[in-house]
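**Q** Shown below is the structure under consideration.
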Amino acid sequence: MIKRTAKSSELIRLPRHIAIIMDGNGRWAKRRGFPRIMGHRQGVKAVRSTVRLCRELNIEVLTLYAFSQENWGRPKEEINALMDLLYDYLKSELDEMLGNQISLRAAGQIENLPERVRTCLLDTIEKTSSNTAMVLNLALSYGGRAEIVGAARGLAHQCLSGTLNPEDIDESIFASNLHTAGLPDPDLLIRTSGESRLSNFLLYQTAYSEFYITPAFWPDFDESELLKALFEYQNRERRFGLTNEQHSESCTAKGS
Ligand code: FPP
């Protein structure tokens with residue numbers, strides 16, 4: 001069972017930010033003799049249930065890797081189908097996002113999305129921007145290396161224009177030039193379908209994330225799968241490069 005504090009039913013040591021590489025839609029479909037798009041369609045259901053449970057558990061940020069830069073190389077019909085699913089998802093979930101105080105954000109080169117999807121995305125981001133309970137961050141047309149290069153380019157421009165001194169660039173300034181500016185780094189990174197790769201996802205932000213890999217294909221990632229991941233996370237010891245003793249002392253000092 002997932003851990004709770006002794007005094008209350010409040011869940012303890014939950015991640016502030018969960019990031020998920022949703023993988024295995026195609027294989028889920030293939031095993032059943034369905035076209036790949038059926039796997040993506042079923043994957044949207046897993047997106048819905050995961051967002052709901054994260055919100056119930058008061059997770060602050062959920063980042064979902066929905067479409068990578070590399071995914072543009074997939075067959076045109078699959079790309080179109082994924083864009084349609086994204087569009088339909090945004091349309092159908094707006095009321096739930098508003099009702100549950102969920103604010104939508106996006107990371108990635110969203111200028112590359114088809115105009116209809118981009119407009120709907122920006123509109124949903126705008127309409128949900130004052131919601132404060134949870135951030136749902138969709139990584140779309142996202143590539144971690146491109147994000148880092150973009151941040152470096154932006155900082156170089158600021159230095160050239162004289163608004164920034166190169167000596168003042170530190171990790172916090174660098175992070176504020178990434179697409180995840182203002183969000184805490186992911187505490188827990190989940191990847192489904194048993195693969196153990198980052199696949200160009202949040203390369204900068206996952207420096208100290210705990211990795212959890214499940215063999216389940218994304219369409220099968222239900223509430224019990226998320227709870228299993230959270231249970232394992234609760235039992236991990238995160239030392240951030242310190243020794244055991246140093247880490248325990250710093251936790252005592254912080255009261256965590
Ligand atoms: C990886 O599975 C999954 C994707 C490339 C797309 C993920 C998209 C969704 C879950 C649906 C749309 C998203 C939202 C947020 C509405 P794969 O196709 O690479 O699977 P495979 O490795 O088994 O082929």
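**Q** Kindly indicate whether residue 202 is at positive phi and either crowded, with 21+ Cβ neighbours inside 10 Å or in contact (Cβ under 8 Å) with a residue 60 or more places away in the chain (or both).
**A** Judged against the criteria, residue 202 is a match.
**Q** Between a residue in region 140-151 that is touching a residue at least 60 places away in the same chain (Cβ under 8 Å) and any residue that is part of a helix (DSSP H, G or I) and surrounded by 15 or more Cβ atoms within 10 Å (Cβ to Cβ), which pairs come within a Cβ distance under 7 Å, given they are 6 or more apart or on different chains?
**A** 140/110; 141/69; 141/110; 142/69; 143/69; 146/69
**Q** Could you pull out the residue among 37, 18, 59 that is β-branched (Val, Ile, Thr) and more than 24 Å from residue 179 (Cβ to Cβ)?
**A** After ruling out the rest, the residue left standing is 37.
**Q** Let me ask something additional. Need pairs with beta-carbon distance below 9 Å; first residue closer than 14 Å to residue 205 by Cα and within region 158-175, second among the charged types (D, E, K, R); sequence gap 6+ or separate chains.
**A** 175/185
**Q** Going by the structure shown, is residue 8 more than 9 Å from the ligand (Cβ to nearest atom), farther than 20 Å from residue 107 by Cβ and modelled with pLDDT of 95 or more?
**A** Taking the combined requirement at face value, the residue does not satisfy it.
**Q** Which numbered condition in (1) touching a residue at least 40 places away in the same chain (Cβ under 8 Å); (2) within 16 Å of the ligand (Cβ to nearest atom); (3) of a type in the set (Val, Ile, Thr) is the only one that residue 128 fails?
**A** (1)
**Q** Also, I was wondering about something else. Could you list, in sequence order, the residues of region 172-199 that are crowded, with 20+ Cβ neighbours inside 10 Å and over 15 Å from the mean Cα position of the chain (by Cα)?
**A** Result: 193, single match.
**Q** Could you list all residues from region 182-197 that are over 21 Å from residue 237 (Cα atoms) and either within 16 Å of the ligand (Cβ to nearest atom) or in contact with a strand residue (DSSP E or B) (Cβ under 6 Å, 6 or more places away or on another chain) (or both)?
**A** 183, 192, 193, 194, 195, 197
The values are calculated or read from the model by the stated rules, or taken from the named source; none is laboratory data. What you see is a predicted model; the values in this text were computed from it and never measured. Ideal geometry is used to build each Cβ from the backbone, glycine not excepted, and the neighbour counts take in all protein chains shown.
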